[in-house]
């Protein structure tokens, strides 16, 4: 056997071909730029952009778990909203109990109280997620129709249990002293809490990216999303990884719930179900299973919602549907699809 | 004759047949058997919801598509009648025109959503319908100039359908023969007729293809049926039937508002009715809707009594509070998806 005569030509892929998959990255600055053109005063643009980014970060935190769960096990969890509500109720109850720490204007005491609340909420929703996975989701693997129905039922039950435990009324409260008020930057008033939310969300995104890209467990998760059977054939128990991801995703949802509650300064039992609408839009336009896509999608939705609410208040929610339609026309599988169509 | 009317898809089980017959007779004679505004109102509600739930079963049970926009279609029919009656004035032409416009709007919306999301992946459909339906609900409550916002719309229907119109001077069997009674029978007859039409559709070759797609869409496609086409048509038919149910509801109530037609709570109710009654059989819709609405009206009283009886025990009175009835139906819902996915109707048929 001799080597073939011809020498293979190694053509470099064109620059456009290599850039094309990363195209969605420029959408966020593009939308912000469009906002700057459409909104008459730059100071209100700055305020709106920061609040849009803050909202996007919080939605990302809540949506990331859901997209990974779908990517890994093809499980669609309509009950994800329940974790958001439970997280908010547990976290805010802890904050209210720590009244002595939140009432003083000391930044460190306040942050410690918020951190404790977030930790408590994340632990509570992680435990709930574990139970939810065992009782509700496990028996219906592989059947989408049943998954949707059963997780929806789980959402109803958890929502009603919140009403039993915390009473039927919505809870109003104020943020800790140090997080109240706004700072002025370049003439624009920016609420302190929104800055904290942006920083916190960004840190979480980077941490999640690091875990997924640079650790062994992240490698297994990414490989599992891409081709689960192969990973199992190599001897990893994907089932356990999935439970871990589900629990982590639930904890993130609970954490996002506390942050959302602090943002709105009111919590209701159906807040999670209401937020699910935005989360679905984000997960769909991001591409099911993609954390990066989910991040970009969440920022787009947050910015869009804030800009449109300023320009045309009545169209705020419709605008997100419009965004989703536009993106699906462009890329029917979402911006950065990971999971092959099953 | 009867087999033909039921499209050859009879109850196929004696207990089921008896229950259905009892429900049919009770509804047909409701104004005479249970006189009183509240019980007739409940009966009319049951009629409308049987139709609504049956139309939902066409997509969920037969085609295997989960939609969360069914209340949106229901609302389109209801708002069609309401807007036509408000702007065109009182009259049958307004009712007919509003009904047709609502049904048309529902069909167009269903076609758009279906073409858009079913083409990509069936699971998108559930998420996209949820998003679109909630956006429409928000829009309706915000455009208060047109739709009356949260307060909804009150309007007048033709005098021939209201209690003010008397047809006989003497009451028959203690029941006044007036326009309200006629209105009830309009709702009853229209619901029954449309239910039979739906039964006809699911037992047609078209319905068989839908079931094939539900069982194995890949194989159905391989045999040569265009899955997207069939799923989209099924969604449109179901949307039109839901809009017609909405129109009937609007004619009966003489009021529409976001809470009675568009809210997510109603969507959850429909889901519970279909699953508890039985997916994939039209008769499941009859049983589910009847049971659920009776429970909604009368279970709460029972739970209140139980909660009062358990006063002093920790947590239990909270769990049995009349407002928490949805909790128990939610548990029942999850259990029925696991243990008897064919619902009550399927169980009675021995499936």
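Here is a yes/no grid of residues against (1) in a helix (DSSP H, G or I); (2) closer than 20 Å to residue B:39 by Cα:
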| residue | (1), (2) |
| --- | --- |
| B:245 | yes, yes |
| B:251 | yes, yes |
| B:261 | yes, no |
| B:268 | yes, no |
| B:272 | yes, no |
| B:275 | yes, no |
| B:280 | no, no |
| B:287 | yes, yes |
| B:292 | yes, yes |
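With A:129, A:103, A:120 as the choices, which residue is surrounded by 14 or more Cβ atoms within 10 Å (Cβ to Cβ), more than 14 Å from chain B (Cβ to nearest Cβ) and under 17 Å from residue A:69 (Cβ atoms)?
Exactly one of A:129, A:103, A:120 is surrounded by 14 or more Cβ atoms within 10 Å (Cβ to Cβ), more than 14 Å from chain B (Cβ to nearest Cβ) and under 17 Å from residue A:69 (Cβ atoms), namely A:129.
Tell me yes or no: at least one residue of region B:52-63 is in contact with a helix residue (DSSP H, G or I) (Cβ under 7 Å, 6 or more places away or on another chain) and not in a helix (DSSP H, G or I).
Yes, that holds for at least one residue.
When the residues of region A:294-342 are filtered to those that are more than 12 Å from chain B (Cβ to nearest Cβ) and assigned to a loop (DSSP other than H, G, I, E, B), which remaining residue is modelled with the lowest pLDDT?
It comes out as A:338.
Out of all the residues in region A:7-39, which are assigned to a loop (DSSP other than H, G, I, E, B) and either touching a helix residue (DSSP H, G or I) at 6+ places or on another chain (Cβ under 8 Å) or at pLDDT 75 or above (or both)?
A:14, A:39
Which of the numbered conditions does residue B:261 fail, given that it passes all the others? Conditions: (1) within 12 Å of the chain's Cα centre (by Cα); (2) surrounded by fewer than 24 Cβ atoms within 10 Å (Cβ to Cβ).
(2)
Quick check: anything in region A:136-149 over 17 Å from residue B:341 (Cα atoms), assigned to a helix (DSSP H, G or I) and at the interface with chain B (Cβ under 10 Å from one of its Cβ atoms)?
No, that holds for no residue.
Kindly list the number of the only condition in (1) surrounded by fewer than 24 Cβ atoms within 10 Å (Cβ to Cβ); (2) under 30 Å from residue A:317 (Cβ atoms); (3) more than 14 Å from every other protein chain (Cβ to nearest Cβ) that fails for residue A:253.
Failing condition for residue A:253: (1).
For region B:164-171, state whether one or more residues are in a helix (DSSP H, G or I), free of Cβ contacts under 8 Å to residues at least 60 places away in the same chain and surrounded by 14 or more Cβ atoms within 10 Å (Cβ to Cβ).
no
Which number in (1) modelled with pLDDT of 85 or more; (2) more than 22 Å from residue B:276 (Cα to Cα); (3) surrounded by 20 or more Cβ atoms within 10 Å (Cβ to Cβ) marks the one condition that residue B:108 misses?
Answer for residue B:108: the failing condition is (3).
All but one of (1) within 14 Å of chain A (Cβ to nearest Cβ); (2) crowded, with 17+ Cβ neighbours inside 10 Å; (3) closer than 15 Å to residue B:255 by Cα hold for residue B:134, so report the exception by its number.
The number of the failed condition is (3).
Can you tell me which of (1) at pLDDT 90 or above; (2) under 14 Å from residue B:126 (Cβ atoms) is the one residue B:66 doesn't meet?
Condition (1) is where residue B:66 drops out.
The values are calculated or read from the model by the stated rules, or taken from the named source; none is laboratory data. Note that this is a predicted model, so its numbers are computed, not measured. As a convention, Cβ positions derive from the backbone with ideal geometry for all residues, glycine included, and neighbour counts pool all protein chains shown.
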